[in-house]
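K.L.:
Let me begin by handing over the structure; questions about it come next.
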2 protein chains.
Amino acid sequence: MVADTSETTAGGSAGAATCTPSLTAAPLGEAEAVALARVLSALADPVRLRLVSIVSAAGEVCSCDLEGPLARSQPTVSHHTKVLAEAGILVGEKRGRWTWWRLSPGCLADLRQALGG
Amino acid sequence: MVADTSETTAGGSAGAATCTPSLTAAPLGEAEAVALARVLSALADPVRLRLVSIVSAAGEVCSCDLEGPLARSQPTVSHHTKVLAEAGILVGEKRGRWTWWRLSPGCLADLRQALGG
DNA sequence: AGTGTTCATCGACAGCCGTCGATCTCATCA
DNA sequence: TGATGAGATCGACGGCTGTCGATGAACACT
C-alpha cells in the first residue's frame, strides 16, 4: 500500500527523524526521543545490522542476494528491509523483477550526530 | 547480585562491545552484530534516551531526580538505569544513600565510530 | 534500637517483535 | 496467454520488553 513509482523509502514520517536532535546537548524532548528511538530500534537487531553492513560494503544489493548471507527466509528478509526502509536507513529501487537496496545517503551520519557527534 | 564495592558498570560482558567493529566497512561478523545490537537496544527506547540526555546534560544525576522528569515509577527508573549500565552506557556510583549516575566515558564515541564514524 | 528514605528485586500483565509457511501480486519471457 | 520467478503480505507462534505495585535490603539519623 506504499504505492509509488519505484522509490520505497520512509513510510512518510520517519525519514526526517534523525535531523538535528543531539543526545548530549539539551535534555531532549519527548517527541525527539521517540523519533530517535525509532531509528535506533530499526538498527538494534543483529540481522538488520549485518544487512546494513552488507549493503554498505557492496554499495547496492538485490534482495535475493541477502537470504544466503543472512541465513533467513525470504519473508524475514523482506520484513527487515521494510523496517530499515521505513526508518529511512535503506532506500529500495525496483528494477525489473528485482529490488535493489542501498543506504540512504547521510542517514548514518545524521544518526552519529544525534548521538552526540 | 552485582556485588561490588561501589561501581555498577557493565554486567561483565557488554562493556567492550562497542570497541572497533565498523558498520560501513566489512560485512560485520555475527558476534560483532550481536554485541552492537545489544548496545543499540539499550538506547532504542524513548525513556532511556531522555535519561541519557539528562545525565549527559547534568554530568551526574541521582536516581531520585529521574522519576520526575521521566514521569515513570521508581522501579521502572531503576530498571532502565540497570539496562543502560549493563550495556556499558551508564556508570553508577553509590554514595551514602544515593546512587549517582554518569555517562561511561568514551562509550557514545565508540558507538558513533561503530556506526561508521 | 527504631524510624524513615533510597534503591534494587520480584511477580505479573499487556503489548511488541522476529521468525516462518502459505499465499498473493506483478513483471518477464516463451 | 500461460508459465516462471522475485518479492511483498498475511496469519500464527514463541519470546522478549516496558510498566507498575509490593516487597526487601542497605543506609542515615535520632
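K.L.:
Tell me, what ³J(HN,Hα) does each residue in the stretch B:96-106 have, in order and in whole Hz, if you take phi through Karplus 6.51 cos²θ - 1.76 cosθ + 1.60 with θ = phi - 60° and put x for Gly and Pro?
P.N.:
For the stretch B:96-106, the Karplus curve yields x, 8, 10, 10, 9, 10, 9, 6, 5, x, x Hz.
K.L.:
Oh, and also: What is the extension gain from B:A26 to B:A71, computed as 0.36 nm multiplied by their sequence separation minus the C-alpha to C-alpha distance, in nm to one decimal?
P.N.:
Details: separation 45, 0.36 × 45 = 16.20 nm, distance 4.14 nm.
Gain on stretching B:A26 to B:A71: 12.1 nm.
K.L.:
In terms of modelled amide H atoms, which long-range or inter-chain residues lie less than 5 Å from the amide H of A:G116?
P.N.:
Sorted by chain and number, the residues that satisfy this are A:L23, A:T24.
K.L.:
While we're on this one: Could you give, in nm with one decimal, how far B:W98 is from each other copy of that position, shortest first, with labels 7 Å out from Cα toward Cβ?
P.N.:
In nanometres, ordered from closest: 6.0.
K.L.:
Take B:R50, B:R97 and order them by how many other Cβ atoms sit within 10 Å, fewest up front. Before the final figure, lay out each step's value.
P.N.:
On the way: B:R50 26, B:R97 7.
By the 10 Å Cβ count, ascending: B:R97, B:R50.
K.L.:
Would you mind classifying the stretch A:76-115 by shape? Square roots of the alpha carbon gyration tensor eigenvalues, ordered a ≥ b ≥ c; an a/c under 1.5 is rounded, otherwise it is prolate if a/b is larger than b/c and oblate if not.
P.N.:
Numbers: a/c = 4.18, a/b = 1.91, b/c = 2.19.
Here the stretch A:76-115 falls in the oblate category.
K.L.:
Same structure again: For B:T99, enumerate residues with amide H under 5 Å from its amide H, sequence gap 5+ or separate chain, H modeled in the peptide plane.
P.N.:
Counting only residues 5 or more places away or on other chains, the set is B:S63, B:C64.
K.L.:
Identify all lysines with a Cα-Cα distance to A:K82 below 26 Å; exclude those on the same chain that are fewer than 8 residues away in sequence.
P.N.:
A:K94
K.L.:
Further, regarding this structure: With charges set only on the Cβ (+1 for Lys and Arg, -1 for Asp and Glu), what does the dipole of the stretch B:7-114 come to about its Cα centre, in debye to the nearest 20?
P.N.:
Working: 10 positive and 10 negative charges, 55 e Å.
Computed about the Cα centre, the dipole is about 260 debye.
K.L.:
What shape does the stretch B:20-117 have by the C-alpha gyration tensor, where a ≥ b ≥ c are the square roots of the eigenvalues, rounded means a/c under 1.5, and otherwise prolate means a/b greater than b/c and oblate the rest?
P.N.:
Values: a/c = 2.45, a/b = 2.14, b/c = 1.14.
Verdict is prolate for the stretch B:20-117.
K.L.:
How far is B:A25 from itself in the other copies, in nm, if each label sits 7 Å out from Cα along the Cα-Cβ line, shortest first?
P.N.:
2.9
K.L.:
If you don't mind, another one. Quick one: Cα centre-to-centre distance for the stretch A:68-112 and the stretch B:46-104, in angstrom?
P.N.:
34
K.L.:
Rounded to whole Hz and in sequence order, give me ³J(HN,Hα) for the stretch A:48-53 from the Karplus expression 6.51 cos²θ - 1.76 cosθ + 1.60, θ = phi - 60°, writing x for Gly and Pro.
P.N.:
Ordered by residue, 3J(HN,Hα) equals 5, 4, 5, 4, 4, 5 Hz.
Just so you know, all these numbers are worked out from the coordinates, no wet-lab data involved. Quantities reported herein were computed from a predicted structural model and do not represent experimental measurements. A quick note on method: Cβ atoms are made from the backbone with ideal geometry, for glycine too, and the neighbour counts reach across all protein chains shown.
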